[in-house]
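> Please find one structure pasted underneath; my questions will follow.
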Amino acid sequence: MEEMNLQNMQELDELRTQMSQLRETLDQQRIVNDRVLRSSMKRRLSWIKRYIWLEIALVPVLLIFFAFLHHALGMSWWLYGLLAVMLVVDVTVDYRVNHIDDSQLMAGNLTDTARQLQRMKRLRAWAFAIELVPLMLWLLGLLYEFYRVAQTQSGWLQAFAQGAIFGTVIGCIIGLVVAVVIFVKMQRTNDDIIAQIDEIS
């Protein structure tokens, strides 16, 4: 009887040891999975950060180009002012909406991170829809200005303005397609990361 009790005690101790080792292994696996997930999140969001910095870098280039264009063609400066405001507002909104601290990604609560990514998606969709309205108005103004120059000027200015009308229309179509593709890719990036967080949680 005592031998049986002793054997049972030894088996229980062995079971406890195995359970403890299993817990340690699971904890280590969880830590590894957490680190891998966070590194993956940071890597996947990095292209969005680079895209926003590219947008910011292009603002002065576009402003210089359109200043030259307005001066050369004698176009209305109110249109240039509207463009400058739109560009500054656009990159500011894009930066604010798409910004997430590396510290949040690497050490923050994953549930909070998922919530922030959901919010980012929602704000990005609103910003994309709202930004289209002033952009379309500006493009109509630009087309009108090119039309006015084509009607009132002669020589190379007239030919340039006529070509610019067609170029603007084609550029609008291509630009809209590219913008939609980038927007969808950004939203999908957020969805993938949120799915990963849900899976590990």
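The values are calculated or read from the model by the stated rules, or taken from the named source; none is laboratory data. As the structure is a computational prediction, the values presented were derived from the model and not from experiment. When we count neighbours, we look across all protein chains shown, and the Cβ atoms used for this are built from the backbone with ideal geometry, even at glycine.
> For region 33-49, give me each residue that is charged (D, E, K, R) and either modelled with pLDDT under 85 or over 16 Å from the mean Cα position of the chain (by Cα) (or both).
Listed by number, the residues that qualify are 34, 35, 38, 42, 43, 44.
> Can I ask one more? Select from region 148-165 the residues that are within 12 Å of residue 75 (Cα to Cα) and in a helix (DSSP H, G or I) and list them in ascending order.
Within region 148-165, 148, 149, 150, 152, 157, 161 qualify.
> Can residue 177 be described as over 23 Å from residue 74 (Cβ atoms), surrounded by fewer than 14 Cβ atoms within 10 Å (Cβ to Cβ) and either among the charged types (D, E, K, R) or under 28 Å from the mean Cα position of the chain (by Cα) (or both)?
yes
> Just the residues that are within 26 Å of residue 179 (Cα to Cα) and loosely packed, with under 12 Cβ neighbours inside 10 Å, please, taken from region 137-162.
140
> Which of the residues that make up region 44-88 are β-branched (Val, Ile, Thr), within 24 Å of residue 133 (Cβ to Cβ) and free of Cβ contacts under 8 Å to residues at least 12 places away in the same chain?
85
> With respect to residue 122, determine if the residue is loosely packed, with under 14 Cβ neighbours inside 10 Å and either out of contact with any strand residue (DSSP E or B) (no Cβ under 8 Å at 6 or more places or on another chain) or of a type in the set (A, V, I, L, M) (or both).
Against the criterion (loosely packed, with under 14 Cβ neighbours inside 10 Å and either out of contact with any strand residue (DSSP E or B) (no Cβ under 8 Å at 6 or more places or on another chain) or of a type in the set (A, V, I, L, M) (or both)), residue 122 qualifies.
> Let me ask another. Is it the case, given these coordinates, that residue 80 is touching a Phe, Trp or Tyr at 6+ places or on another chain (Cβ under 7 Å), among the hydroxyl-bearing types (Ser, Thr, Tyr) and part of a helix (DSSP H, G or I)?
Yes, satisfied.
> Moving to a separate point now. Of everything in region 73-99, what is surrounded by 12 or more Cβ atoms within 10 Å (Cβ to Cβ) and small (Gly, Ala, Ser)? Give them in sequence order.
If the condition is that a residue be surrounded by 12 or more Cβ atoms within 10 Å (Cβ to Cβ) and small (Gly, Ala, Ser), then 74, 76, 84 are the ones that fit.
> Right, here's the next one. Of the conditions (1) in contact with a helix residue (DSSP H, G or I) (Cβ under 6 Å, 6 or more places away or on another chain); (2) farther than 30 Å from residue 38 by Cα, residue 148 satisfies every one except a single condition; which number is it?
If we test residue 148 against (1) in contact with a helix residue (DSSP H, G or I) (Cβ under 6 Å, 6 or more places away or on another chain); (2) farther than 30 Å from residue 38 by Cα, just (1) comes out false.
> With the condition kept exactly as written, say whether any residue in region 127-134 is among the β-branched types (Val, Ile, Thr), surrounded by 13 or more Cβ atoms within 10 Å (Cβ to Cβ) and either within 18 Å of residue 182 (Cβ to Cβ) or within 19 Å of the chain's Cα centre (by Cα) (or both).
No, that holds for no residue.
> Go through the residues of region 96-116 one by one and say whether even a single one is among the hydrophobic types (A, V, I, L, M, F, W, C), under 20 Å from residue 43 (Cβ atoms) and not in a helix (DSSP H, G or I).
yes
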